[in-house]
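Data first, discussion second: the structure below is written as structure tokens.
The values are calculated or read from the model by the stated rules, or taken from the named source; none is laboratory data. The shown structure was predicted, so the numbers you read here are calculated from the model rather than taken from an experiment. Glycine also receives a Cβ, built like all others from the backbone with ideal geometry; neighbour counts cover every protein chain displayed.
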Amino acid sequence: MIRLAAVGDVHCGTDMGAQIRSQFASVPDHADALLLAGDLTRLGLPEEAEVFADALRELSEMPVAAVLGNHDHQSDRQDEVRAILEDSGVRVLEGSSVVWHVGGAQVAIAGTKGFGGGFEGTHATAFGEREMKAYAEHTRDLADRLDRCLGEVVEAGLTVLLLHYAPIRDTLAGEPREIFPFLGSYLFAELADRHRVDLVLHGHAHRGTERGSTPGGIPVRNVAQAVIQQGYAVYTLDPAQRRAGVRTA
């Protein structure tokens, strides 16, 4: 069994170093790897990323992967934030993947920030003003890049899709329906089904619901810290059954 600790939307500020270290101190006792679903910083400032990265250096022996979120882009210094995290050993994914041998099996983590646009029947299209085209095309560009990435890891034993924005409506339950189009896009659920990934993790929807599934039945888990209401949740992957998403801690 592969045990994956996961959390998003930690929103680390410069005064949270001790809190972050305490939050993740027990991860090696409960999991084989740590996945971070974006919004790791409060305002996307390098000094916030430094605090977060310093705390994670204590997990130097553990595989850690992350995607960035909208908060991490707030100050337009996301490249600096990414570099700081990667310097501490975190693999930051954006249309890219990493393959680990953990828990006696091989698992590929493919990730992207994702973006908005909405869900089947009510989604944005690249039509009209250039601002609307840019909004819809950004999501499509990210999805296309992730599609190519997933195609390259198809031979991995197990595959986890790591996002910030939501891929389905189910895990948004509790959020105002009026803002659903800004919380995620169905394009990423389509990719999960097309490539038959084993588990999808995302954050962003603080008032959402933890559990859902893609139209094809793949487990989706909203790991925003406000939703799981603890420092991290642990999900298991069974290489024998290729089923995932059981919360164990």
Next on the checklist: If Val7 satisfies all but one of (1) in a strand (DSSP E or B); (2) farther than 28 Å from Gln241 by Cβ; (3) of a type in the set (Val, Ile, Thr), what's the number of the condition it fails?
Outcome noted: (2)
Checklist outcome for this item: Restricted to region 96-112 and to residues being without any contact (Cβ under 8 Å) to a residue 60 or more places away in the chain and touching a strand residue (DSSP E or B) at 6+ places or on another chain (Cβ under 6 Å), the residue nearest to Ala66 (Cα to Cα) is Gly111
Checklist outcome for this item: Among (1) part of a loop (DSSP other than H, G, I, E, B); (2) surrounded by fewer than 17 Cβ atoms within 10 Å (Cβ to Cβ), Arg148 falls short only on (1)
Checklist entry - What is the one condition in (1) under 21 Å from Asp39 (Cβ atoms); (2) modelled with pLDDT of 95 or more; (3) out of contact with any strand residue (DSSP E or B) (no Cβ under 9 Å at 6 or more places or on another chain) that Tyr135 does not satisfy? => result (2)
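Would you be able to tell me the number of residues in region 100-134 that are of a type in the set (Val, Ile, Thr) and within 16 Å of the chain's Cα centre (by Cα)?
3
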Checklist entry - Within the set of pairs 6+ apart or on separate chains, which have a first residue in region 113-130 that is among the hydroxyl-bearing types (Ser, Thr, Tyr), a second that is buried (at least 19 other Cβ atoms within 10 Å of the Cβ), and C-beta atoms under 7 Å apart? => result Thr125/Ala136
Checklist outcome for this item: Inside region 157-166, the number of residues satisfying the requirement of being assigned to a loop (DSSP other than H, G, I, E, B) and surrounded by 20 or more Cβ atoms within 10 Å (Cβ to Cβ) is 3
Next on the checklist: Need the failing condition index for Val64 against (1) out of contact with any Lys or Arg (no Cβ under 8 Å at 6 or more places or on another chain); (2) under 22 Å from Ser96 (Cα atoms); (3) modelled with pLDDT of 95 or more, just the number.
Outcome noted: (1)
Item to check | Every residue from region 49-79 that is under 29 Å from Asp141 (Cα atoms) and more than 19 Å from the chain's Cα centre (by Cα) | outcome: Ser75, Asp76, Arg77
Next on the checklist: Quick check on this structure: which one of Gly216, Gly174, Gly208 is free of Cβ contacts under 8 Å to residues at least 40 places away in the same chain and in contact with a helix residue (DSSP H, G or I) (Cβ under 7 Å, 6 or more places away or on another chain)?
Outcome noted: Gly216
Next on the checklist: If Arg140 satisfies all but one of (1) closer than 22 Å to Asn70 by Cα; (2) modelled with pLDDT under 95, what's the number of the condition it fails?
Outcome noted: (2)
Checklist entry - Looking only at residues in region 73-117 that are small (Gly, Ala, Ser), outside any loop (DSSP other than H, G, I, E, B) and buried (at least 17 other Cβ atoms within 10 Å of the Cβ), which one is modelled with the lowest pLDDT? => result Ala105
Checklist entry - When region 110-162 is examined, which residues are found to be closer than 19 Å to Asn222 by Cβ and touching a Lys or Arg at 6+ places or on another chain (Cβ under 6 Å)? => result Phe119
